[in-house]
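Worksheet: the structure to be examined is printed underneath.
The values are calculated or read from the model by the stated rules, or taken from the named source; none is laboratory data. Here the structure is a predicted model, which means the values were calculated and not measured. As a convention, Cβ positions derive from the backbone with ideal geometry for all residues, glycine included, and neighbour counts pool all protein chains shown. Just so you know, the surface numbers come from the protein's heavy atoms only, side chains and all, with ligands and any DNA or RNA stripped out. Shrake-Rupley method; radii C 1.70, N 1.55, O 1.52, S 1.80 Å.
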Amino acid sequence: MLDHSWQKSSYCGQGESCLHVSAPAPEKTIHLTESGDPRGAILGASPGAFSALLSAVKGRGRHGA
């Protein structure tokens, strides 16, 4: 398993379940995991797919409005 340097949103309060993100260089994959089990399920996404996810979460996605 790769050693990821996880980052979480400043909006995530202590004790809350949050999404953690890692983008290790020189990889072209963004890694996502849930804060409750950061070594558990790790999803990979391309930068474009991750950008689309962020847009959808922020309410600017094509399919959500």
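Summary table below
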item: Unique residue being touching a strand residue (DSSP E or B) at 6+ places or on another chain (Cβ under 8 Å) and modelled with pLDDT of 75 or more when the list is SER55, SER35; result: SER35
item: All positions within region 28-51 that are touching a helix residue (DSSP H, G or I) at 6+ places or on another chain (Cβ under 9 Å), hydroxyl-bearing (Ser, Thr, Tyr) and part of a strand (DSSP E or B); result: none
item: Qualifying position, being outside any strand (DSSP E or B), modelled with pLDDT under 75 and open to solvent by less than 40 Å² (accessible area, probe 1.4 Å), among GLY64, GLY13; result: GLY13
